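Colleague: Handing you a structure now.
All of the numbers you see were taken from the coordinates with simple rules; none came from a lab. Please read all numbers here as calculations on a predicted model, not as lab measurements. As a convention, Cβ positions derive from the backbone with ideal geometry for all residues, glycine included, and neighbour counts pool all protein chains shown.
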Number of protein chains: 2
Amino acid sequence: MQKLVKSLEEAIRLAGLTDGMTVSFHHHLRNGDFVLNMVLEQAANMGIRELNVNASSVFDCHTPLIGHIKNRVVTGIQCNYMAAGVGSAISQGILEKPVEFRSHGTRPRDIACGKTPIDVAFIAAPAADPMGNCTGKYGKSACGSLGYAMADAMFAKKVVVITDTLVDYPLQDFSIPENYVDYVVQVDAIGDPKGIVSGTTQITRDPVGLVMASHAAKVIEASGLLKDGFSFQTGAGGASLAAAKFLKDIMLEKNIRGSFGLGGITGYMVDMLQAGCFQSLMDVQCFDLKAVESIRTDPRHREISALHYAAPSARGSVADNLDVVILGATEIDTDFNVNVHTDSNGYIMGGSGGHTDVAAGSKLCMIIAPMFRARLPIVTDRVNAISTPGRDVNVLVTQGGIAVNPRNKELKQRLLDAGLPVTDIQTLKEKTEKITGVPQKLVRGDRPVAHIIGRDGEIQDTIYNVVK
Amino acid sequence: MQKLVKSLEEAIRLAGLTDGMTVSFHHHLRNGDFVLNMVLEQAANMGIRELNVNASSVFDCHTPLIGHIKNRVVTGIQCNYMAAGVGSAISQGILEKPVEFRSHGTRPRDIACGKTPIDVAFIAAPAADPMGNCTGKYGKSACGSLGYAMADAMFAKKVVVITDTLVDYPLQDFSIPENYVDYVVQVDAIGDPKGIVSGTTQITRDPVGLVMASHAAKVIEASGLLKDGFSFQTGAGGASLAAAKFLKDIMLEKNIRGSFGLGGITGYMVDMLQAGCFQSLMDVQCFDLKAVESIRTDPRHREISALHYAAPSARGSVADNLDVVILGATEIDTDFNVNVHTDSNGYIMGGSGGHTDVAAGSKLCMIIAPMFRARLPIVTDRVNAISTPGRDVNVLVTQGGIAVNPRNKELKQRLLDAGLPVTDIQTLKEKTEKITGVPQKLVRGDRPVAHIIGRDGEIQDTIYNVVK
């Protein structure tokens, strides 16, 4: 059996890719990824048209997608996140069919249950052997976990592994085993390491960010959840990382032995593991080199699939066992609905990722955001797009006060008892608008450019085209 | 979400087990397993009847099955191996429907493709957390790899984990993740450690065994396959282990840096890993405590699923990449067909396990067996049951000579050139019969008691009832 083929063209041909099929990609190489572009370019050169692209995320490095959309090489997109480069073009209406946004948990669930079948999965693999055993832990383009690629590998009709580091058979420390893989292609480079992982992720030095981070840590301390067995997820944003730093100090001071850290993992979470704050890290994606080094060498740092991470299911996921998560927002409304899909002008520049999943699964979902950005208030009457429903959001932390979702009376009392600056979200909105003024209401078009699919599988919200 | 239930009865009820369904079990606890018996007894007590039991193997500890068959609690059996205890009863015709024998590779393939669907999988787990993350590496009943249980977990409609070592969530070093598990039951003991793994597996001291082992090692040396990158599998029988020991000496002497050891893993294979003969062990099952310790602590020793190990598939398996395997036989015929299912009296006392798979996948499949056992010759005109077709068997090694399959002319020449005692299988048969006499032909009944399903999914042979 010979899986190693001479070229990407041969792999595409052998995989039987033809007009109208669905191809899939993972985003572990993030803004350094070469693979999505190289596959679509090759498909375009082979005259293949009307592909449906199911990519876990679309980054700014993927702006060649815009040309492929215009040439009808690509006529459908499903993703969990779309950066502004492609996002703003989508918002201008270049794609006839609305983009389907899912979350990091619902994407693999819908692949697994057959709702969004994949014809050919292209797996960017930082190291692979000639039979397709592959991993993200080694190689010049090492990215750590391959958690988002696993459902693609398991359920796609054909699976093509693309690597720039071919190792002897068998790659013992495989993340995806050969029995899922049809073809292996070796290329010069699957990505640009500078775009794949940050050298280091940095905590904020901004005073506003530090105030928010301090509040966030105190909210967690006051919540009653910070005790032995505590579990935690946070994003890679500067204020979130600062909150993790403050939280670590509290945990060490109080000698609290947490259980696990979850998520996209940064060096700061690795520090907490090494300091004894957690017993393990459950890692679906590595954000920086320290996380990559840790998942490669520390058996307490475990790679998990996106299904295991966050898929909505009767059997649950790690997200469903999470105590506290700190998340961001571009907008939050007075019903606590959060928008992370569009900017304040209505242009697509993000997406849920795991936001919606861990908000739903965690005991305490905290949004941390400044009161305003570029004179636009964070709190609005109604978000432009509901990424995460307000029922799953417990508290908003800003530099100007902490607003608790009225559903969470006990939490509000705990924060008040702890002397924290609790306010209500309407008051916070008004307070902000005194500084910024009341922003003009966004005038949006009447053409749907994207649907946001909720965790229940139904359309949760629709994003319309932008009218200049 | 609460997966931890109070009793096995509750788990069976919640899993919806009713008359006529299929239940599945793995055999990593081997002759120490309590779980198959405890589940069937509970089901019987609950009045459930006509169950189909899909067990990767049935051991002598499972003789209570005989009573369940007689009471029609169990009316169908699928397995890859059946020891003499239940096997002799089956051979006497106690089960109306013929047993279906598969191999360690075809069983998970048929589960995965939906040919043999499982309603409820019961997974004996030496350690598990309350959400069902589980492993065989830890706990008082530690068995090492859970490779044979993985397809059951992935594809069964309901999955019940049964453990005697419940650990805090999350069990970081999981083999089967929680997202496959519906219910978790804690019991006092899932097995008897004395029957699960041997303290040590022993190489033979029998002079005949040592002669065969020495021949076996020399055949490998002469085959042309023993060079850098060499890969190897052997069983846990005394002569096979002695062959591994001799092989290790040759590899160290010649400074040959092999690639991987495969299979059911013994301490002898661990020794070869540690001595540098292999770079990794790919482990679907641990045979002794040293192997369990190694898979728990040595990252070069990797757990693999039975699908990855040996499933027949266009995508291949590790078995398909294997150089040399040493296997046993109860009979081998002049067409090199091997029987490991029945004894010389026609009673079921074994099964393929991985025999058929690695014979098909390897470059060199060697059968090692004494010329006769209890005055019954090993070579016959026609085996009582074809476990592994002769086309996949390359050479038979006995103390009285080495017979090469006529399909393998190059191999025969290599062995002759090396001065090994090459003979042909007909001559070996006649030579043996001069010692033992010609055995009486077995008179078998006309009622099928078992079908052996080949790797192509078709019935490869049928085992009939025994007539006294």
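Colleague: List the distances, in nm and shortest first, from the label point of B:Asp456 to the matching label points in every other copy, placing each point 7 Å from Cα along the Cα-to-Cβ direction.
Modeller: Label-point separations across copies, in nm and ascending: 5.3.
Colleague: Mind listing which trypsin sites (Lys or Arg not before Pro) in the stretch A:6-105 are in a DSSP loop and have 16 or fewer other Cβ atoms within 10 Å?
Modeller: Qualifying residues, ordered by number: A:Lys6, A:Arg49, A:Arg72.
Colleague: Excluding B:Met131 itself, calculate the net charge of residues whose Cβ lies under 11 Å from the Cβ of B:Met131, where each Lys or Arg counts +1 and each Asp or Glu counts -1.
Modeller: Value of the local net charge: -3.
Colleague: Sort shortest first the distances from B:Arg13 to its counterpart in every other copy, using label points 7 Å along the Cα-to-beta-carbon line, and give them in nm.
Modeller: 6.3
Colleague: Give the angle, between 0 and 90 degrees and rounded to the nearest 10, that separates the Cα long axis of helix A:207-222 from the longest principal axis of the Cα atoms of chain A.
Modeller: With both axes taken from Cα atoms, the answer is about 80 degrees.
Colleague: Another question, then. Rounded to whole Å, how close does chain B get to the rotation axis onto A by Cβ? Give me the residue too, please?
Modeller: Residue nearest the B-to-A axis, with distance in whole Å: B:Pro299, 4.
Colleague: Roughly what would the spin-label model give for B:Ile94 and A:Gln274, points 7 Å off Cα along C-beta, in nm?
Modeller: In this crude label model, B:Ile94 to A:Gln274 measures out at 6.1 nm.
Colleague: For B:Lys140 and A:Arg257, what is the calculated FRET efficiency with R₀ set at 25 Å and r taken between the beta-carbons, to the nearest 0.05?
Modeller: About 0.55, to the nearest 0.05.
Colleague: Another question, then. Exposed loop GluC sites (Glu not before Pro) only (DSSP loop, at most 11 other Cβ atoms within 10 Å): please give the longest stretch of chain A free of them, not including the sites.
Modeller: A:97-457
Colleague: Using a 7 Å offset from Cα along the direction of the beta-carbon, what are the separations from A:Thr436 to the same position in each other copy, nm, ascending?
Modeller: 8.9
Colleague: OK, next. Using Cα pairs closer than 8 Å and at least 6 residues apart in sequence, work out the relative contact order for the stretch A:101-166, in percent.
Modeller: Computed value for the stretch A:101-166: 40 percent relative contact order.
Colleague: For the pair B:Glu41 and B:Ala314, how long in nm is the line joining their label points, each one 7 Å along Cα→Cβ?
Modeller: Once both label points are built, they end up 4.8 nm from each other.
Colleague: Please report the antiparallel percentage of the DSSP beta bridges confined to the protein assembly as shown, to the nearest 5.
Modeller: Given both bridge residues lie in the protein assembly as shown, the antiparallel proportion sits at roughly 25 percent.
Colleague: Can I ask one more? Only helical DSSP H runs with n ≥ 4 go in: add -39500 (n - 2.57) per run for chain B, normalise by residue count and round the 222 nm mean residue ellipticity to 500 deg cm²/dmol.
Modeller: Helix contribution divided over all residues of chain B: -8000 deg cm²/dmol.
Colleague: Compute the relative contact order of chain B as a whole-number percentage, counting only Cα pairs closer than 8 Å that sit 6 or more residues apart in sequence.
Modeller: Relative contact order comes out at 16 percent.
Colleague: Charges at C-beta only: +1 for Lys and Arg, -1 for Asp and Glu. How large is the resulting dipole of chain A about its Cα centre, in Debye rounded to 20?
Modeller: So the magnitude is around 800 debye.
Colleague: Shielding of B:316-326 by partners, i.e. mean partner chain Cβ atoms within 10 Å per residue?
Modeller: Per residue, the average neighbour count from other chains is 3.
Colleague: If you place +1 on the Cβ of every Lys and Arg, -1 on the Cβ of every Asp and Glu, and leave all else neutral, what size is the dipole of the stretch A:191-334 about its Cα centre, to the nearest 20 Debye?
Modeller: With only Lys, Arg, Asp and Glu charged at Cβ, the dipole is about 300 debye.
Colleague: Between helix A:425-436 and chain A, what is the angle of the helix's C-alpha long axis to the longest principal axis, kept within 0 to 90° and rounded to the nearest 10?
Modeller: On a 0 to 90 degree scale, this one is about 90.
Colleague: How big is the charge dipole of the stretch B:207-439 about its Cα centre, in debye rounded to the nearest 20, if each Lys and Arg gets +1 on its Cβ and each Asp and Glu gets -1 on its Cβ?
Modeller: Roughly 260 debye for the stretch B:207-439.
Colleague: Still on this structure, please answer the following. Below 11 angstrom from the Cβ of B:Ser88, what's the summed charge of the other residues (Lys, Arg +1; Asp, Glu -1)?
Modeller: After counting each charged neighbour, the total is -2.
Colleague: Further question on the same structure: Please go through the stretch A:342-404 and write out the trypsin sites (Lys or Arg not before Pro) that DSSP classes as loop and that have at most 14 other C-beta atoms within 10 Å.
Modeller: Sparse-neighbourhood loop trypsin sites (Lys or Arg not before Pro): A:Arg375, A:Arg382.
Colleague: Just want to confirm a number: the relative contact order over the stretch A:190-255, from Cα pairs under 8 angstrom separated by 6+ residues, in percent.
Modeller: This gives 43 percent for the stretch A:190-255.
Colleague: So, one more: Within the stretch B:313-333, whose backbone N sits under 20 Å from a point 7 Å along Cα→Cβ of B:Arg382?
Modeller: B:330-333, by backbone N distance to the label point.
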